[in-house]
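Here the structure comes first, spelled out in structure tokens, and everything after it is commentary.
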Amino acid sequence: MAFAKPVGPAAATRKYDILSALMAFALTQDPTTQKRVLRIMALITSRYNWQNDELSMGQDAIAALWGVDTRTVKREMAKYQAMGWMVVKRRGARGRVSLYGLDLVRMLEDTRPAWPNIGPDFVERNDPEARPATPSNVVALRAVTAPAVDGSLWAETQALLHAEDMATYGAWFHGLTEAGRENGVLILAAPSRFHAGYVETHLMARLKGAVRRVDPTISDVKIER
């Protein structure tokens, strides 16, 4: 499932969608989970930079926002990372607070059971498979076998993407190859300009999220044409 970066004319809708999904999901959960989701919603609405995917906030400031002590903050931030909702982009050091990124695609996937509670328009907007089928003469793509995992960053990321969505992996991620790494940026090569443009426009959030789950030190992903 692709979740477009929340910038541009439709940014407000995409921002409200992720917050609505979190809210609806929390209302169906136990009190502990409800509080955990409410806390990350507080971080998103107060300090999250949607355009740059950055959350920069010290533990003392988070504790004040949540009305808890710093031990609770450490425990909850670790839980978000274990859930895949949050990744550390830069660890705090020498008076500099940690910099976090949020995996919005993972959040939407985890809250999917609550989508129907929001309404059919929300489901159709965020799940292309739920939209009415239209006639097509496009030949279905052949299934692509799982990639061989050799311990490299891109191989492990490919395996993760394949496990999550074989069709999208076969159509778009399988054709990408690792071209190198530079200053924390993973560089991938695409077989064509169209291929690169499609991934950048429609699948970059999912791609970055998968890369960061394999290696949280990666700050960005670029695709060469």
message = Which count do you get for residues in the stretch 153-170 that are of a type in the set (D, E, K, R) and closer than 15 Å to Arg212 by Cβ?
response = 2
request  = Hey, can you tell me all the residues within the stretch 27-86 that are of a type in the set (Ser, Thr, Tyr) and either touching a Pro at 6+ places or on another chain (Cβ under 8 Å) or assigned to a loop (DSSP other than H, G, I, E, B) (or both)?
outcome  = Thr28, Tyr48
task = Test Glu182 against the stated conditions and say whether it is open to solvent by 20 Å² or more (accessible area, probe 1.4 Å) and touching a helix residue (DSSP H, G or I) at 6+ places or on another chain (Cβ under 7 Å).
result = no
inquiry  = Taking the conditions exactly as written (within 21 Å of Ile218 (Cα to Cα), open to solvent by 20 Å² or more (accessible area, probe 1.4 Å) and under 16 Å from the mean Cα position of the chain (by Cα)), does Leu160 satisfy them or not?
reply    = yes
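Of the residues Val199, Val211, only one is closer than 14 Å to Leu160 by Cα, crowded, with 17+ Cβ neighbours inside 10 Å and under 17 Å from the mean Cα position of the chain (by Cα); which?
Testing whether each residue is closer than 14 Å to Leu160 by Cα, crowded, with 17+ Cβ neighbours inside 10 Å and under 17 Å from the mean Cα position of the chain (by Cα) leaves just Val211.
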query = Checking Pro216 against (1) in a strand (DSSP E or B); (2) within 18 Å of Val88 (Cβ to Cβ), which single condition isn't satisfied?
reply = (1)
ask   = So which pairs qualify, if the first residue must be in the stretch 25-38 and farther than 15 Å from Ala114 by Cα and open to solvent by 100 Å² or more (accessible area, probe 1.4 Å), the second must be among the aliphatic types (A, V, I, L, M) and assigned to a helix (DSSP H, G or I), the Cβ gap must be under 9 Å, and the two must be at least 6 apart or on different chains?
value = Lys35/Ala26; Leu38/Leu22; Leu38/Met23; Leu38/Ala26
request  = Output the number of the condition that Lys5 fails; it satisfies all remaining conditions of (1) touching a Phe, Trp or Tyr at 6+ places or on another chain (Cβ under 9 Å); (2) at pLDDT 95 or above; (3) part of a loop (DSSP other than H, G, I, E, B).
outcome  = (2)
request  = Report whether or not Asp121 is among the acidic types (Asp, Glu), at pLDDT below 90, open to solvent by 70 Å² or more (accessible area, probe 1.4 Å) and assigned to a helix (DSSP H, G or I).
outcome  = yes
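The values are calculated or read from the model by the stated rules, or taken from the named source; none is laboratory data. None of the values given here were measured: they were computed from a predicted structure. Every residue, glycine as well, gets a Cβ built from its backbone with ideal geometry; the counts of neighbours run over all protein chains shown. For the accessible areas, the whole protein counts, side chains as well, though only heavy atoms, and no ligand, DNA or RNA atoms are used. Shrake-Rupley method; radii C 1.70, N 1.55, O 1.52, S 1.80 Å.
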